[in-house]
Amino acid sequence: MPWNPDLYHKFQAERAAPFYDLLALVDVRPNLKVIDLGCGTGELTRQLADRLPNSRVTGLDNSPQMLDKAASFSTSNLVFQLGDQSTLTGTWDLIFSNAALQWSENHAELIPYLFRHLSPGGQIAVQVPSNHNHLSHQIYRETAAEEPFHSILGGFQRHSPVLTIDEYARLLFDCGAEKITVFEKIYPHVLEDSDAVVEWISGTALVPYFERLGGFKEKFLQVIRTKMRAAMPESPVFYPFRRILFSAKKPH
Ligand SMILES: C[S@@+](CC[C@H](N)C(=O)[O-])C[C@H]1O[C@@H](n2cnc3c(N)ncnc32)[C@H](O)[C@@H]1O
């Protein structure tokens, strides 16, 4: 997908908060072999690497645009690689992923698959957004189902593969995991107005729509902005953002 690193960075401070919550779940030990799935532009991967003494960290992403930016953060203990998180190979002491697994389907298979790539005693630590029922998402899905967008998109809709916290807990238990921690948290963002909410989702949830809309991207955004202004006319707007965090360990 054609990710736009600059737009994604617009809300960097807000997007970093869940990363620190995820980092707090990591069992800090020396000499780990670590992978950061969907590492994006790499500055948070750098922070992860700095937190883990003598560890070798790989940032994996399938976007050349994001990896171009990440390159400047590489060091002797941090490398970046182009690849798909859903076909991960190798064995890892820590599989870490902040705000990226929601781009891969079928978590009921993906999570056990990733768990199998942990070494004995290894840890998986994941954060995924679970905000897909927010009004902004309802509005873009509704707009995508209207003409002319429905025809241009060929009926395309992206449905979040993110499961419930109960389902992640069950999946991890069924994998034989230990020290299971699963929770959902609301990050209470305050943005200038509803246009800022549209800008936020333009950097993430709307990306797969944009790549299919070609020259109709601006028109699509304009319709969404108009509906959002009517639905959220206040300034500033409260944008409560729901996210799921989980961590678990593989027994020795
Ligand atoms: C929302 S960004 C998160 C980036 C970073 N982890 C952070 O916290 O800022 C999602 C990232 O996942 C990457 N991504 C999406 N699907 C992927 C896949 N199948 N394999 C690897 N990376 C993927 C995107 O290219 C993007 O860089």
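Descriptive notes on the structure:
- For the stretch 149-180, the candidate set comprises residues that are surrounded by 14 or more Cβ atoms within 10 Å (Cβ to Cβ) and among the hydroxyl-bearing types (Ser, Thr, Tyr); within that set, the residue that is farthest from the chain's Cα centre (by Cα) is Tyr168.
- Output for the stretch 12-28, where each listed residue is at pLDDT below 95 and touching a strand residue (DSSP E or B) at 6+ places or on another chain (Cβ under 8 Å): Glu14, Ala17
- Options Gly59, Gly38, Gly83; residue that is within 12 Å of the ligand (Cβ to nearest atom) and touching a residue at least 60 places away in the same chain (Cβ under 8 Å): Gly38
- The lone criterion from (1) of a type in the set (Ser, Thr, Tyr); (2) more than 22 Å from the chain's Cα centre (by Cα); (3) outside any helix (DSSP H, G or I) left unmet by Ser247 is number (2).
- Filter pass, Asn106 being within 9 Å of the ligand (Cβ to nearest atom) and out of contact with any Ser or Thr (no Cβ under 8 Å at 6 or more places or on another chain): no
- Qualifying residue in the stretch 62-72 (condition: among the hydroxyl-bearing types (Ser, Thr, Tyr), under 19 Å from Leu110 (Cβ atoms) and either touching a Leu at 6+ places or on another chain (Cβ under 8 Å) or within 10 Å of the ligand (Cβ to nearest atom) (or both)): yes
Yes/no matrix, rows are residues, columns are (1) within 16 Å of the ligand (Cβ to nearest atom); (2) of a type in the set (S, T, N, Q); (3) assigned to a strand (DSSP E or B):
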position: Trp200; (1), (2), (3): yes, no, no
position: Ala205; (1), (2), (3): yes, no, no
position: Leu213; (1), (2), (3): no, no, no
position: Thr226; (1), (2), (3): no, yes, no
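- Those residues of the stretch 23-52 which are in a helix (DSSP H, G or I) and out of contact with any helix residue (DSSP H, G or I) (no Cβ under 9 Å at 6 or more places or on another chain), in sequence order: Ala24, Leu25, Asp50
The values are calculated or read from the model by the stated rules, or taken from the named source; none is laboratory data. Because the structure is predicted, anything quoted here is derived from the model rather than measured. Quick reminder, even Gly has a Cβ in these numbers, built from the backbone with ideal geometry, and neighbours come from all protein chains shown.
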